[in-house]
Amino acid sequence: MKPPRAESLDEVPGAPPFGAVLCRLGDLPPRGSKSFQFRDGRLRYDIFIQRWDDKVYAYRDACPHLKLPLDWRRGHFLDIEGQHIQCGHHGARFRVEDGLCIDGPCKGEYLTPVRITVRGDEILVA
């Protein structure tokens, strides 16, 4: 299975527009994450940004297995060893750099990436 196409927040009702600042690098420790929720009426779209030392990744906050949120504690996505993203519902583990599930019921499937860009200290909608 190949990774899904990165989604643009530009297409999500209630999300900030292209070029808007989501947060700053300084808001995230070197292996920290931050979750975001966008709403338009009853529609809801959750994402999280994971800083991985000097890189930043964004994914939809939905496990490919049951589409449940991944965080095991609000805004915490890494496993206890701090090496992989882990689903808090059934323990599936994903590589940070590409969202590939390496262990669990959705092994071989991917998290859905979300387009972002980093400009200086700002993480922006791309």
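Bear in mind these aren't lab numbers, they're just calculated from the coordinates by the rules spelled out. Worth saying up front: this structure is predicted, and the values here are computed from it rather than measured. All Cβ positions, glycine included, derive from the backbone under ideal geometry; neighbour counts span all protein chains shown.
In terms of Cα atoms, the Rg and Dmax of segment 9-121 work out to 13.6, 38 Å. Please list, by residue number, every one of the GluC sites (Glu not before Pro) in segment 1-94 that is coil in DSSP and has at most 14 other beta-carbon atoms within 10 Å. Passing both the DSSP loop test and the Cβ count: 81. In order along segment 23-39, phi translates into HN-Hα couplings of 6, 10, 3, x, 6, 10, x, x, 10, x, 9, 8, 9, 9, 10, 10, 10 Hz, rounded to whole numbers, per the Karplus curve 6.51 cos²θ - 1.76 cosθ + 1.60 with θ = phi - 60° and x for Gly and Pro. The distance between label points at residue 115 and residue 74 comes to 3.1 nm (points 7 Å beyond Cα on the Cα→Cβ vector). The HN-Hα couplings worked out from phi for segment 93-109 by the Karplus form 6.51 cos²θ - 1.76 cosθ + 1.60 (θ = phi - 60°) are 10, 10, 5, 5, 5, 9, x, 6, 6, 9, 7, x, x, 10, 3, x, 8 Hz, whole numbers, x standing for Gly and Pro. Between amide H atoms placed 1.01 Å from N, distances below 5 Å from residue 71 occur with 88, all of them 5 or more places distant or on a separate chain. Neighbour counts of other Cβ atoms within 10 Å put 80, 49, 116 in the fewest-to-most order 80, 116, 49. Only beta bridges with both residues in the chain are counted; by DSSP, about 95 percent of them are antiparallel.
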